[in-house]
Amino acid sequence: MGDAQHSTDNGSGNGPWQQPQEPPSLGDHGRQIHHDAEVLATAVRDAADDLHRYVAEQVEQRPLMTLGLAAGAGFVLGGGLSARLTIALLGTATRLATAVAARELSTRILRRGATAAANT
């Protein structure tokens, strides 16, 4: 009965005694790495194009604000402020941006609710 539990490989490839597959060659690994690098390069190129379009749009629509933000960021990143003051300013700016975003979001939600109520 012990022999009946062990089946032999009859060449079908379905038995438990299958031949191990050959590991991928070094050339296969190289081709996979090359392919992955091309995909990554394309994704980075697309992201850079999107960022360029966004910045160009902001410069056209809000030139003074964009200039002010760029000058301020350059000053801060260039070491123009102490670390404590930079942290305080970034914290304040983050809270302010969050408040503005929350107000804008709530305004949009209320407008959609009012429009939906008017349509019913």
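Going by what's in this entry, would T115 be described as part of a helix (DSSP H, G or I) and more than 24 Å from the chain's Cα centre (by Cα)? Criteria met by T115. Look at (1) modelled with pLDDT under 90; (2) surrounded by 10 or more Cβ atoms within 10 Å (Cβ to Cβ); (3) of a type outside the set (S, T, Y) and you find that Q32 fails only one, number (1).
The rows are residues; the columns are (1) of a type in the set (D, E); (2) in contact with a His (Cβ under 7 Å, 6 or more places away or on another chain); (3) assigned to a helix (DSSP H, G or I).
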{"position": "P23", "(1), (2), (3)": "no, no, no"}
{"position": "D28", "(1), (2), (3)": "yes, no, yes"}
{"position": "Q32", "(1), (2), (3)": "no, no, yes"}
{"position": "L40", "(1), (2), (3)": "no, no, yes"}
{"position": "D46", "(1), (2), (3)": "yes, no, yes"}
{"position": "L51", "(1), (2), (3)": "no, no, yes"}
{"position": "V55", "(1), (2), (3)": "no, no, yes"}
{"position": "L81", "(1), (2), (3)": "no, no, no"}
{"position": "L96", "(1), (2), (3)": "no, no, yes"}
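Residues that are surrounded by 10 or more Cβ atoms within 10 Å (Cβ to Cβ) and either in contact with a Lys or Arg (Cβ under 8 Å, 6 or more places away or on another chain) or among the polar types (S, T, N, Q) (or both) within segment 58-78 comprise Q58, T66, listed in sequence order.
Look at segment 84-98: where a residue is assigned by TED's automatic domain parsing to the domain that holds G72, no partner that is surrounded by fewer than 11 Cβ atoms within 10 Å (Cβ to Cβ) and in a helix (DSSP H, G or I) sits 6+ places away or on another chain with Cβ atoms under 9 Å.
The values are calculated or read from the model by the stated rules, or taken from the named source; none is laboratory data. Note that the structure is predicted; figures quoted are calculated from it, not measured. Note that we place each Cβ from the backbone using ideal geometry, even for glycine, and neighbour counts take in every protein chain shown.
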